[in-house]
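**Q** Structure in structure tokens, see below.
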Amino acid sequence: RYKSVVTPRRAAVAIACCWIVSLLVGLTPMFGWNNLNKMRRTQELNGSHTEFVITCQFETVISMEYMVYFNFFVWVLPPLLLMLLIYLEVFNLIRKQLNKKVSSSSNDPQKYYGKELKIAKSLALVLFLFALSWLPLHVLNCITLFCPSCQTPHILTYIAIFLTHGNSAMNPIVYAFRIKKFRTAFLQIWNQYFCCKTNKNATSTTTAETGN
């Protein structure tokens, strides 16, 4: 059923939609939802006639209303909770299937159990890394918005921003090290495009077909 539902065409459409939504959400501050007008009004109220200069800091240029109400409450927190519920359901289904198949299988139930458990742990690790990478920054943003008098060290903000960027690099590493098919595909891509090595299996297959 999975192969009939998740076709290459549908997978491509889903990936394209994810990229389009990500671009729209990420580029929203460039369309006007930022602190530029606020900083200009502040300078005018102060009666300053000096040249308008923008301090290039995250909390200075990015609107906290955008980060908290739009980014966090709409595009981060709901997907995080949804993924948590989905993964809990996945664990529950795996547990039920394991109980059925392990009890009915007489070949090697421990091998099957270990394989399914490893995949389940990989999913849990991906969810944990997502929460670990994104929640610190959004918690700091909530503190900044709802408690203006609270002072948070800039170093914490920089670390939180670094974690959000690092999350993009974590998932491929998790999949590559914990799932054999991902690791094999990753090594093939690395050898072919970065080490300029050809795939031996593909080469031997092509040679055999040419000989025939």
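Values in this text are rule-based calculations from the coordinates and carry no lab data. No experiment lies behind these values; they were computed from the predicted model shown. Using ideal geometry, Cβ is built from the backbone for each residue, glycine included, and neighbour counts are taken over all protein chains shown.
Matching residues to (1) on the phi > 0 side of the Ramachandran plot; (2) assigned to a loop (DSSP other than H, G, I, E, B); (3) of a type in the set (D, E, K, R); (4) loosely packed, with under 15 Cβ neighbours inside 10 Å:
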{"position": "Thr28", "(1), (2), (3), (4)": "no, no, no, no"}
{"position": "Asn37", "(1), (2), (3), (4)": "no, no, no, yes"}
{"position": "Cys56", "(1), (2), (3), (4)": "no, yes, no, yes"}
{"position": "Phe70", "(1), (2), (3), (4)": "no, no, no, no"}
{"position": "Val76", "(1), (2), (3), (4)": "no, no, no, no"}
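**Q** Restricting the search to region 140-155, which residues are surrounded by fewer than 14 Cβ atoms within 10 Å (Cβ to Cβ) and part of a helix (DSSP H, G or I)?
**A** Taking region 140-155 as the starting set, the residues that turn out to be surrounded by fewer than 14 Cβ atoms within 10 Å (Cβ to Cβ) are 146-151, 153-155.
Answer for region 140-155, where residues must be surrounded by fewer than 14 Cβ atoms within 10 Å (Cβ to Cβ) and part of a helix (DSSP H, G or I): Phe146, His154, Ile155.
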